[in-house]
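Accompanying notes for the structure given below.
The values are calculated or read from the model by the stated rules, or taken from the named source; none is laboratory data. Fair warning: this is a prediction, and the values are worked out from it, not measured in the lab. No Cβ is skipped: glycine too gets one built from the backbone with ideal geometry, and neighbour counts run over all protein chains shown.
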């Protein structure tokens, strides 16, 4: 089975453009299946000899081990993709994973910051220091364009079009989209790039990374997470806040101010509208709280249920 897993990972990397992070998840998920089957049967069977019953046993083992429903769903997605590839490659005649059902997930609303909290965070980096100028540009760009942190670290100089206020973003699966840059983000980016060019010894080209570390190499997602942690301590904002929280805040604030959900879907680069719809629940909850707080005869919704 290890040979087939290697072929599947090669296919996902070359033909589907899967990221290193996605490939690592696929590898871990499929290796956990192989290990389960080896323990259960005394050896790993060929993919064509694996039945739906055995896969259901794997799912039951994950439940018994205390895995979160989201983690189980992710592993099932990997298993389904692997066996679909097996059908394509004629390792098997039927897909034993097709009948598997995901566990029902409890939908948690994404954590986001209010507009005042976002402003407090964006103003935290020192405007007189080179790294502070860079950090403010990082935070402004994450929030202004609703980027994933991996999308931000992958930005090159050629992706920025200041005259139109547009940035080209490479998202999941190498899908590209255009995202708008607000005036604050544009100003912050121009300030950072002027500082960066003064300290750079290399001639800049369109492939140069927009954001670099103190050594002049492309900044990493982990570096941005550490930088954010520093400013969260300074501002005493919610420690649950992550770089992705700025993306959640971006979507929530747009919907709160009347943006069309289809437009928000495009801006976020979501393939499915279902993924975007979770933000409508956040906005509805905000609307309910504002109504109950401001309307003289609103009362509490919970009071009306008793």
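Identify the residue in segment 255-267 that is under 17 Å from residue 113 (Cβ atoms) and touching a residue at least 24 places away in the same chain (Cβ under 8 Å) and, among all such residues, is surrounded by the most Cβ atoms within 10 Å (Cβ to Cβ).
255
Tally the residues that are part of a loop (DSSP other than H, G, I, E, B) and either surrounded by 12 or more Cβ atoms within 10 Å (Cβ to Cβ) or touching a helix residue (DSSP H, G or I) at 6+ places or on another chain (Cβ under 7 Å) (or both), restricting the search to segment 234-248. Steps first, answer last, please.
To start, the set of residues in segment 234-248 that are part of a loop (DSSP other than H, G, I, E, B) comprises 236-242.
Narrowing further to those that are either surrounded by 12 or more Cβ atoms within 10 Å (Cβ to Cβ) or touching a helix residue (DSSP H, G or I) at 6+ places or on another chain (Cβ under 7 Å) (or both): 237-239, 241-242.
Selection size over segment 234-248: 5.
Every residue in segment 217-233 that is part of a loop (DSSP other than H, G, I, E, B) and surrounded by 16 or more Cβ atoms within 10 Å (Cβ to Cβ), please.
219, the sole residue that qualifies.
State whether the residues of segment 36-59 include one that is under 20 Å from residue 7 (Cβ atoms), surrounded by fewer than 17 Cβ atoms within 10 Å (Cβ to Cβ) and under 29 Å from the mean Cα position of the chain (by Cα).
No, because not a single residue in segment 36-59 is under 20 Å from residue 7 (Cβ atoms), surrounded by fewer than 17 Cβ atoms within 10 Å (Cβ to Cβ) and under 29 Å from the mean Cα position of the chain (by Cα).
When you go through 206, 196 one by one, which is the residue that is over 27 Å from residue 16 (Cα atoms), in contact with a strand residue (DSSP E or B) (Cβ under 9 Å, 6 or more places away or on another chain) and either in a helix (DSSP H, G or I) or modelled with pLDDT under 90 (or both)?
Going through 206, 196 in turn, the sole match is 196.
What helices (runs of 4 or more DSSP H) lie completely within segment 112-184 and have 2 or more residues being in contact with a strand residue (DSSP E or B) (Cβ under 9 Å, 6 or more places away or on another chain)?
On the way: elements: 115-122, 130-145, 149-153.
Ranges flagged: 130-145, 149-153.
When you look at residue 264, is it assigned by TED's automatic domain parsing to the domain that holds residue 142, closer than 30 Å to residue 193 by Cα, modelled with pLDDT under 90 and in contact with a helix residue (DSSP H, G or I) (Cβ under 7 Å, 6 or more places away or on another chain), yes or no?
It is true that residue 264 is assigned by TED's automatic domain parsing to the domain that holds residue 142, closer than 30 Å to residue 193 by Cα, modelled with pLDDT under 90 and in contact with a helix residue (DSSP H, G or I) (Cβ under 7 Å, 6 or more places away or on another chain).
Go through 190, 214 for me and flag whichever is surrounded by fewer than 16 Cβ atoms within 10 Å (Cβ to Cβ), touching a residue at least 60 places away in the same chain (Cβ under 8 Å) and farther than 24 Å from residue 269 by Cα.
One residue alone meets the criteria, 214.
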